[in-house]
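The values are calculated or read from the model by the stated rules, or taken from the named source; none is laboratory data. Treat the numbers as computed from the prediction; the structure is a model and nothing was measured. Note that we place each Cβ from the backbone using ideal geometry, even for glycine, and neighbour counts take in every protein chain shown.
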Amino acid sequence: MDGLSVLVNGLAHASTLFLMAAGLTLIFGVTRIVNFAHGSFYMVAALVCAHALTDWVPSASDSALGYTAVLLLGVLLSALLGALAEFFLLRRLYRVPELYQLLATFGLSLFLHDALRGLLGPDEVFAPRFPGLKGSVEWSGNFFPSYQLLLIGLGPLVGWCLHLLLTRTMWGRRVRAATHDRDMVAALGLNPGPLMLGAVALGCGLAGLGGVLQLPREPANLQMDLSMVVETFVVVVTGGLGSLFGAFVAAILIGLVQSVGAAIFPAATQVFVFATMGCVLALRPQGLLGKPLEAHPTEIGVRMVLWPVRPARFAAVLLGSLLLMAIALAAGLLNVYWQYVLCDILIMVVFAASLQTMMALGGMVSFGHAAFFGVGALGAAWVHLTWGWGLAGALLFATVLAASLAALFGWILVRSSGVYLAMLSLSLAQWVWVVASQWDTVTGGDNGRIGLQLVPIAARSGFLWSLLLLACAVLAGLRRLVRSPLGAALQALRDAPVRAQASGLPRLSLRYGALVGSAAFAGLAGGLFAAHKGAVFPGVASVSTSVDVLLVLLLGGLHHLWGSVAGAAVLLLASSELGRGFDYWRGALGLLVMVIMVVAPAGLLGLRKGRGNGT
């Protein structure tokens, strides 16, 4: 592929990325909600229009007018769904921390995914090409698809129209005022509700526009939402949250990086993309044209709930748990299946508690904790199959390997905060996932590492007991850390960083230590996962693993010591039981997540008030 073709492909993809990023930036600017379901509105418009053009009204694809009318209806559908989401869900989350908003919109994406699968089926749909734009244009001996050239022009055109809307109309000026100070707009007598409703509808409509414009280039399918929303987050964070022009510049940058990467080394395209974002954030933590974000008021001064507070009561709960499991095993109530599920829950408790140390105490949000978990799992499998190491040695290697990865990249990560830190950690996890997928000699590639014998069948009961003791020890250690001077210093840096640094606390050093320690326990959990499953695949380091552990913490209660236990029990029991006989269990889980975030944004244990608080 020659240079001009690479340039055209990159700019055409950049146009779609900018439409998505502009919508996400507009929604964030007005509502301060990072909408993880943004890719779902992209997918809804694409799938509905694809079915309309191929199954429902195929005659519309014969003319440019009919084709355009179908695409506009898809855009309007996405805008309408966005307005409904704002009215029934988002406006109830404006005053809660960003993490809970993110989790609620993730639940919305799960619900929309299964709703579309139930209504339209699971198959991908190939839409016909746009009438009149099926050919190509010759220039300098090269042929460029006409539709690609149209996309290149549409992105800047939509950006210019959006700029005029926001700067030349009364509605746009009010939206910009609400972006800067929503409370002041309300104090001046303007109702911000309709402004936010309109901004969300417009932002989701732009996502729908990006989706329908992709139809002539690729088939519509149920996997396009997650892949596109990750790329959109990369663009928005690279450009700087809240900056439309920054999103435009970043879209061009990322689009060209993807196109060049696909031409030079297709297998590592995603590595180039996330490496680009990582370099930008390492040099400029707020993105190219963004401004540092202030902490949300509801995230300041949150105390860790240590129920039960008294050591005697804490020990009684742990001993009671051991006794109950012993009785269940003796009575045969825990068969092989339930022992397997309980092992899953206990490993997730260790993994979630490691992330809880970073987030609840240090205030460091991570979307890429799967990097350390995955490195631990793959490392344990490798030393076992290559050198014949046993369980103890494999777990030690997994722990050290994950801690080493955090030590290597930690100084870059701890300089960022908030959404920027979350996306930088996500880039690390994506990098680990891509390397693991391609490094066949170590990880086995897509075939993974199978046939692990770290835990023989005869030792499964002992392994379960060891996991229970380890989970209890981790919770006890986290409780002690919360009440220690180190825990107090981390929370001081989380709540009042300027004052804490003025008092002499080394901010970066403490955050770095918390990150490395958290990564070590995540690697230990990964090693335990490999031993328990008997097989490991590169997907263990993917985005879904990071999302799972975030779900566990936020469902149970991030600032509750027992939140990891409650969240792991709810999520894994729901997935194991619903998944056995209910095809749409993910959609049901998404609905449950949305309800919990609205009713109890502090998690399930947040429903219990007024007892056992202390730090």
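Quick notes on this structure:
- Selected residue [touching a residue at least 40 places away in the same chain (Cβ under 8 Å), within 14 Å of Thr16 (Cβ to Cβ), assigned by TED's automatic domain parsing to the domain that holds Met20 and more than 22 Å from the chain's Cα centre (by Cα)] from Val229, Val212: Val212
- So Val383, is it within 30 Å of Trp338 (Cα to Cα) and either buried (at least 21 other Cβ atoms within 10 Å of the Cβ) or without any contact (Cβ under 8 Å) to a residue 40 or more places away in the chain (or both): yes
One line per residue, one yes/no per condition, for (1) among the charged types (D, E, K, R); (2) assigned to a loop (DSSP other than H, G, I, E, B); (3) in contact with a Phe, Trp or Tyr (Cβ under 8 Å, 6 or more places away or on another chain):
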residue	(1), (2), (3)
Leu151	no, no, no
Leu157	no, no, no
His163	no, no, no
Val185	no, no, no
Cys204	no, no, yes
Ala207	no, no, yes
Gly211	no, no, yes
Leu222	no, yes, no
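- The helices (runs of 4 or more DSSP H) falling completely within the stretch 493-600 that include 3 or more residues that are out of contact with any strand residue (DSSP E or B) (no Cβ under 6 Å at 6 or more places or on another chain) and closer than 16 Å to Gln356 by Cα map to 507-533, 543-556, 563-581.
- Among the residues of the stretch 577-598, just one is at pLDDT 75 or above and more than 22 Å from the chain's Cα centre (by Cα), namely Asp583.
- Any hit, the stretch 21-39, residues being in a helix (DSSP H, G or I) and either free of Cβ contacts under 8 Å to residues at least 24 places away in the same chain or charged (D, E, K, R) (or both): no
- Checking each residue in the stretch 303-362 for being at pLDDT 65 or above, more than 19 Å from Leu550 (Cα to Cα) and in contact with a Gly (Cβ under 6 Å, 6 or more places away or on another chain) picks out only Leu306.
- Matching residues, the stretch 189-205, being of a type in the set (A, V, I, L, M, F, W, C) and touching a residue at least 24 places away in the same chain (Cβ under 8 Å): Leu195, Met196, Leu197, Ala199, Val200, Ala201, Leu202, Cys204
- Some residue of the stretch 235-247 being at pLDDT 85 or above, under 24 Å from Phe28 (Cα atoms) and surrounded by fewer than 17 Cβ atoms within 10 Å (Cβ to Cβ): yes
- Top-ranked residue in the stretch 448-464 [being in a helix (DSSP H, G or I) and touching a residue at least 24 places away in the same chain (Cβ under 8 Å); ranked as surrounded by the fewest Cβ atoms within 10 Å (Cβ to Cβ)]: Ser461
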